[in-house]
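For reference, the structure is listed below as structure tokens.
No lab work stands behind these numbers, since they all come straight from the coordinates. A quick note: this is a predicted structure, and the numbers were derived from the prediction, not measured. Positions of Cβ are backbone-derived with ideal geometry, glycine not excepted, and every protein chain shown enters the neighbour counts.
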Amino acid sequence: MKPALHVRGVSTAVLVILALAAAVMPVPQATVERIYSRTIYPVIQRTLTPISNAIPIAFLDVAAAALLVLAAFRLVSRSRSAGLKNSAGWVVATVAQTSAVVYLLFLATWGFNYRRVPLEDKLDFDRSRVTVQRASELAHEAVLRLNALHRPAHAAAQDRVALAAAFEAAARAMGADDRIVPGRPKRSLLGIYFRKAAIDGMTDPFFLEVILNPDLLGVEEPEVLTHEWAHLAGYADESEANFLAWLTCLRGDSRAQYSGWLAAYLRASSALRAVRIALPKLDDGPRADLAAISARYNRSSAVVRRAASDVYDSYLKANRIPEGIDSYDAVVQLMLGTSLGSDWTPR
């Protein structure tokens, strides 16, 4: 074996072993919380997000395109020098090496947040509070709030500065020590996929930027955007990000509050679907907004939705979220089981 090939083989093996070890190595949650989530990660976030905020297009698109061009160039160059058949081993080694590097980079820039201390262990959370009665009370409250907020919410202009201030207040109420830099909502080539898969948005874990579905309704955006900001704040678990987004919206203006209560109504009513409980009637305005959200969902593709759901479910479980895709709906447990003060501050 040529020395260069031997060195490449050893380096590939080392990278793959490091990636596998990082994936399965048991690290105490308290250690991840103290060293990574509360010390290292905030510095990374406050460095990367301002850079990604500087341009309107997603850095993820640029990086993916550059990677594809580089891969194609190297494959063509290798095939010309060694022949296509003789390049098979090189291709396998390159894919393995690249995958290992990408995974390690993912863990370093954001992924370790999946292993931090669960929010239930930080707050005054009691699972015995998660009852049908409390879910019914939450749904009742949501109906009353939506009916009262509909007109002022639709009259209010979008104010992301005020929303960012509400987010900072909510994050500090949940125990955050460091201020995060809110991500500028971006459009991406992924928007085509988001439409078909009915995905509202995502947080890019490499450049720590926020990408939103271009078809989001105005009444949806505050809740979805603050959900992604919660991911930027290091809350990787979907239920925890949803919980922080809800608390943020309740601290915001009428537009944000309406968006938060709309999401709360959908989740609480979904949790009560199997139980026949009469709820107050929604006015025509909120019902029209719910119909518009449903219509947007129905314009997506059932096949793509199912495939996207299965892939994301596997991704979450691989990152130590045993509930998988169901963790989105687990926010209702946090909403019901957490002791909240009169100003919606979790104890």
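The protection proxy used here, the mean number of other Cβ atoms lying within 10 Å of each residue, ranks peptides 56-69, 228-241 as follows, highest first: 228-241, 56-69. Projected label points at Arg134 and Thr98, each 7 Å from Cα along the beta carbon direction, are separated by 4.9 nanometres. Count Lys and Arg as plus one, Asp and Glu as minus one, and take only other residues whose Cβ is under 10 Å from that of Arg251; the net charge is then -3. With R₀ fixed at 51 Å, the C-beta to C-beta distance from Phe73 to Ala278 puts the FRET efficiency at about 0.20. Set against the labelled values (i) 1.11; (ii) 1.02; (iii) 0.98, Rg/Rh (Cα atoms, Kirkwood Rh) computed from this structure falls on (ii).
Cα axis of helix 88-109 to longest principal axis of the chain: angle in degrees, 0 to 90, nearest 10? Helix 88-109 sits roughly 40 degrees off the main axis of the chain.
Once the Cα-Cα distance is subtracted from the 0.36 nm per residue extended length, the Ala162 to Ser342 segment shows a gain of 62.7 nm. Distant-in-sequence amide contacts of Gly201, defined by a placed amide H-H separation under 5 Å and a gap of 5 or more residues or a different chain, comprise Asn213.
Mean residue ellipticity at 222 nm, helices only, the chain: -20000 deg cm²/dmol; runs of at least 4 DSSP H residues each add -39,500 (n - 2.57), and the sum is divided by the number of residues. Length gained on full extension, Ile51 to Ala292, computed as 0.36 nm times the residue gap minus the Cα-Cα distance: 83.3 nm. Rounded to the nearest 0.05, the FRET efficiency derived from the C-beta distance between Leu144 and Ala65 at R0 = 45 Å is 0.40. Normalising the Debye intensity of region 150-275 to I(0), with uniform scatterers on Cα atoms only, and taking log10 at q = 0.14 Å⁻¹ returns -0.59.
Taking H placed 1.01 Å from N in the peptide plane, check which residues at least 5 places from Glu209 or on another chain put their amide H under 5 Å from its amide H. Counting only residues 5 or more places away or on other chains, the set is Asp204. Rounded to whole numbers, the Karplus 3J(HN,Hα) couplings from phi for region 151-157 are 5, x, 5, 6, 8, 6, 7 Hz, using 6.51 cos²θ - 1.76 cosθ + 1.60 with θ = phi - 60°, and x at Gly and Pro.
Projected label points at Ala13 and Asp126, each 7 Å from Cα along the beta carbon direction, are separated by 5.8 nanometres. Using the Cβ-Cβ distance between Thr39 and Tyr114 with R0 set to 22 Å, the FRET efficiency from 1/(1 + (r/R0)^6) comes to roughly 0.85.
The Cβ shell under 14 Å around Phe206 holds other residues with a net charge of -2, Lys and Arg each +1, Asp and Glu each -1. A simple rule links phi to the HN-Hα coupling: the Karplus curve 6.51 cos²θ - 1.76 cosθ + 1.60 with θ = phi - 60°, which for region 32-49 gives 4, 4, 6, 8, 8, 5, 9, 10, 7, 4, x, 5, 4, 5, 6, 8, 7, 5 Hz, with x for Gly and Pro.
Over all other residues within a Cβ to Cβ distance under 13 Å of Thr338, the charged ones net out to 0, with Lys and Arg as +1 and Asp and Glu as -1.
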